Amino acid sequence: ANARDEPARSVPASFAMVESEAQKWLDDADEARKAVDQYSSAVPTELVEYYAKKKGLSIKDPQVAKLIAVSTEEFLTRVLGDAVELTKKLQSSTVAGRKEATTDENQNNDLTLHMDILAKALKDNGVNVSGSQYYFE
């Protein structure tokens, strides 16, 4: 076969679009990195490094530990937010279901987190709690 007999291969017209999307992804990643660097997480990076080391991982890049810490905080915030909403729904349906709720019960805004509500909130976020075991889906 002769090279002249092969069809000509050209760069697709969409290459510029792909290159543009790749640059946007890099810009977004850089912006996210800067935001993580500036954020002060409630989860200490030392805690992340401790558990990583306990599992046999060494985290050499401090940004990796920081990103895990920020992600952990975001996960906790999401799970606890879901638990609050579930608790409020349960509490309001319980109070509405009873004909006589005392004034003290109506004025008490403290919410108590129970294991069944936490298990539901965790399950809604991909963690299945079963007895003393748990696993991620």
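The values are calculated or read from the model by the stated rules, or taken from the named source; none is laboratory data. All values derive from a computational prediction rather than experimental measurement. Backbone-built Cβ (ideal geometry, glycine too); neighbour counts: all protein chains shown. Side chains are part of the model used for accessible areas, which takes the heavy atoms of the whole protein and leaves out ligands, DNA and RNA. Shrake-Rupley method; radii C 1.70, N 1.55, O 1.52, S 1.80 Å.
Kindly provide the set of residues from the stretch 19-29 that are open to solvent by 80 Å² or more (accessible area, probe 1.4 Å) and either touching a helix residue (DSSP H, G or I) at 6+ places or on another chain (Cβ under 6 Å) or hydrophobic (A, V, I, L, M, F, W, C) (or both), ordered by number.
Trp25, Leu26
If a residue must be touching a residue at least 24 places away in the same chain (Cβ under 8 Å) and open to solvent by less than 70 Å² (accessible area, probe 1.4 Å), how many such residues does the stretch 30-88 contain?
Number satisfying all stated conditions: 20.
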